[in-house]
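Undergrad: Below is one structure. I have some questions about it.
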Amino acid sequence: MYLKELKIVKNRFIFTIPAFVFHFLFYILPIILMIVLSFFSWDLLSPMKYVGLRNFSQLMKDKWFWNSIIVSFKYTFLAVPIIFVVSLILGVLLQEEDRFSKIMRVFFYWPYMIPMVAAGTMWKWLFSRNFGLVNYIITSMGFKPVDWLDNPTLALFTIVLVQVWVLAGFMMMLFIVGLQAIPEEFYEAASIDGATKFQKFWYITLPLLKNTNISVITLSIANCFRNFTIAYIMTTGGPGYATTVAPLYVYQKAFTDFRLGYASAGSLIVLLISFVIAYTVRKVQEREIEGGKI
Amino acid sequence: MRKTIVIILAVLFMIPVFWTVTSSFKSMSEIYKYPPTIFPKKISFEGYINIFKQSNFMRYLYNTLFVAIISTIITVFLCVSLGYGLAKGTFRHKDFFTEIVVITLFVTAQIIMVPLFVIIKQLGLMDSLWGLIIPAVFTPTGAFTAIQYMKDLPDEFLESAKVDGANEWQIFVKIVIPLSKPLIASLAIFSFTWRWNDFVLPLIVINSGKNFTIQLALATLQGQYGIPLNEILAFSVMSIIPTLIIFLLFQNLFMKGLSAGGLKY
């Protein structure tokens, strides 16, 4: 055998082939297929039918599709600022490498490791209207029980809370790495100039965290905009369509109504929107950095 | 002051887990008692016994472990090999190939579930455990980590092996793999956790109860009427135990995340 004399062995391309086979089949091909399918009408049983742009024009008129996009935006833009603030506070509080911080970090990070199905189940039990712990505390203080998951406005806030709980600890770790990278000298110089703790945080820490901020915001947006497990478990999108986020709507179109072409067109729009958000956030932040704020 | 705030926050964060665990050991009458008891008055294993007796828990556990272990082995092999090829290869358009991997970091199963479903169906993998393994073995995050790690491997090791007359296969097996132990460890731990926690892929691939994974079974259980709450809670507790053990054992690896900076051989 002259296997070791082959060119692809010598230049080591052969090592990438197994991974690229799977990468092509389950990442590249699905994207191509999603674009193709979005021009077809298909219910899995009858043959595929080319319909041109009809799926897209129907989507434009689909009230509940747009509703789901708006729900996703509300969900994301409620969750991301809270995640940002909570994880920044946690990061600042736990940035030291002492024993206490190391132990406490575990409690905040762990929710990220809990399977999201189990997380949703636990929180659903906590927020249960008649037997939940949260309503027990509220009623024992003399207030009326709250419809955490049955009130259309409140249900979205409730699942946002769970999303924050899941992601905050992970983002905290990004902040800790970023905070530890800031040189001590900056703070010392500021102390000599008589800066208060808050001034140091506002004028030194925050601007120097720019790169971490970008990662935290982009990753949070990507995670929130695509998540449908929490909504699926806690509310199955309800009441009505109040918590039907876009990926959940697409899932229902595909696997409940069996409109695969229509669902593909929907996912394509969701993918494009999440790309645009991520890209815009990146550009805005980069401009701020170039703008001399640091 | 700082410690007080942190402890209060930690208690708040842990309430759902605490409440689920204590409630799962209550009898059905105690779960719905008002006012609720914090710790069960009488510890009841009813929920746990019932999930073993009435649901196919052992079957789900076997399915989940099978999927998680087999796909982890394949994932580690694919990522290490790809990382090595892309970091140390000398072929043309290497940057382009790396870029293709990086771009797919944005693509998740939720976004591509419809075409993924079609491909899995065409491959004849619907409603089988292999349908949960094969589509998931390549992970962009794992691949990206492996590339970063391999880039930091000093070229001298490879060069000197070459001078000693080793061929490419020998270099990979005898030099690269032993030097990649930390990478392999964290890829394995992360991959196992991802597969254990996965819900989206089982949701679209699996139909019949005998092929359910633990997460899918837990989600389905809740949708059925008449399933006692203590069983659902006991099931939730069981579903988080394996990842909890792994998390506590390899805490440091997790906290550093899969960031390349945290990994040194």
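Undergrad: Using θ = phi - 60° and the Karplus form 6.51 cos²θ - 1.76 cosθ + 1.60, what ³J(HN,Hα) does each residue of segment B:67-83 get, whole Hz, x for Gly and Pro?
TA: My calculation for segment B:67-83 gives 4, 5, 6, 4, 5, 5, 4, 5, 4, 4, 4, 4, 5, 4, 5, 5, x Hz in order.
Undergrad: Can you compute the helix-only [θ] at 222 nm over the protein assembly as shown? Use -39500 (n - 2.57) per DSSP H run of at least 4 residues, normalise by all residues, nearest 500 deg cm²/dmol. Display every interim value, and only then the final one.
TA: Numbers: 29 runs with 373 residues, N = 559.
Roughly -21000 deg cm²/dmol at 222 nm, from the helical runs in the protein assembly as shown.
Undergrad: Order B:157-164, A:117-124, B:171-178 from most to least packed using the mean count of other Cβ atoms within 10 Å. Walk me through the numbers before you get to the answer.
TA: On the way: B:157-164: 13.2, A:117-124: 26.8, B:171-178: 16.4.
So the order, starting with the most tightly packed, is A:117-124, B:171-178, B:157-164.
Undergrad: Another question, then. Find the relative contact order for segment A:62-293 and round it to a whole percent, using C-alpha pairs within less than 8 Å whose residues are 6+ positions apart.
TA: Working: 245 pairs, mean separation 68.6, N = 232.
Here the relative contact order equals 30 percent.
Undergrad: Then there is this: Can you give the accessible area of A:Tyr112, probe radius 1.4 Å, in Å² rounded to 10?
TA: Here the residue's solvent-accessible area equals roughly 80 Å².
Undergrad: Same structure, new question: With springs connecting C-alpha atoms under 10 Å apart, model chain A as a Gaussian network and identify which of A:Phe198, A:Phe24, A:Phe13 has the largest mean-square fluctuation.
TA: Evaluated over chain A, the most mobile residue of the options is A:Phe13.
Undergrad: Which Cα, out of A:Ser101, A:Ile233, A:Gly194, lies furthest along the positive dipole direction of segment A:62-293 (beta carbon charges, K/R +1, D/E -1)?
TA: Of the options given, the answer is A:Ile233.
Undergrad: Obtain the nm distance between the two label points defined at A:Phe198 and A:Phe143 by a simple spin-label model: each point lies 7 Å from its Cα along the Cα-to-C-beta direction.
TA: Taking the two extended label points, one gets 2.8 nm.
Undergrad: List the lysines whose alpha-carbon lies under 16 Å from that of B:Lys26, not counting same-chain residues fewer than 8 positions away?
TA: Excluding near neighbours in sequence, the set is B:Lys41, B:Lys42.
Undergrad: Amide H to amide H under 5 Å from A:Phe40: which residues, 5+ apart in sequence or cross-chain, H placed 1.01 Å off N in plane?
TA: Correct list: A:Val51.
Undergrad: I've got another one for you. Of all the Cα-Cα pairs you can form in chain A, what percent are over 24 Å apart?
TA: Values: 28058 of 43071 pairs.
Value for chain A (Cα pairs over 24 Å): 65 percent.
Undergrad: Follow-up question, since we're still on this one. For the protein assembly as shown, what class follows from the C-alpha gyration tensor (a ≥ b ≥ c being the square roots of its eigenvalues): rounded when a/c is under 1.5, otherwise prolate if a/b is larger than b/c, else oblate? The partial results should precede the final answer.
TA: Working: a/c = 1.44, a/b = 1.16, b/c = 1.24.
Here the protein assembly as shown falls in the rounded category.
Undergrad: Enter the mean projected area of the convex hull around the alpha-carbon atoms of segment A:89-234, in nm², rounded to one decimal. Don't jump to the answer; show the numbers that get you there.
TA: Values: hull surface 45.5 nm².
In nm², the orientation-averaged hull projection of segment A:89-234 is 11.4.
Undergrad: Then there is this: Using only the alpha carbons of segment A:139-221, what is the convex hull's orientation-averaged projected area in square nanometres?
TA: Values: hull surface 34.7 nm².
Taking the Cα atoms of segment A:139-221, their convex hull projects to 8.7 nm² on average.
Undergrad: For B:Lys88, list the aspartates and glutamates whose Cα falls under 13 Å from its own Cα; do not include residues on the same chain fewer than 8 positions away.
TA: B:Asp152, B:Asp155, B:Glu156, B:Glu159, B:Glu168
The values are calculated or read from the model by the stated rules, or taken from the named source; none is laboratory data. Because the structure is a prediction, the values reported are computed rather than measured. Backbone-built Cβ (ideal geometry, glycine too); neighbour counts: all protein chains shown. For the accessible areas, the whole protein counts, side chains as well, though only heavy atoms, and no ligand, DNA or RNA atoms are used. Shrake-Rupley method; radii C 1.70, N 1.55, O 1.52, S 1.80 Å.
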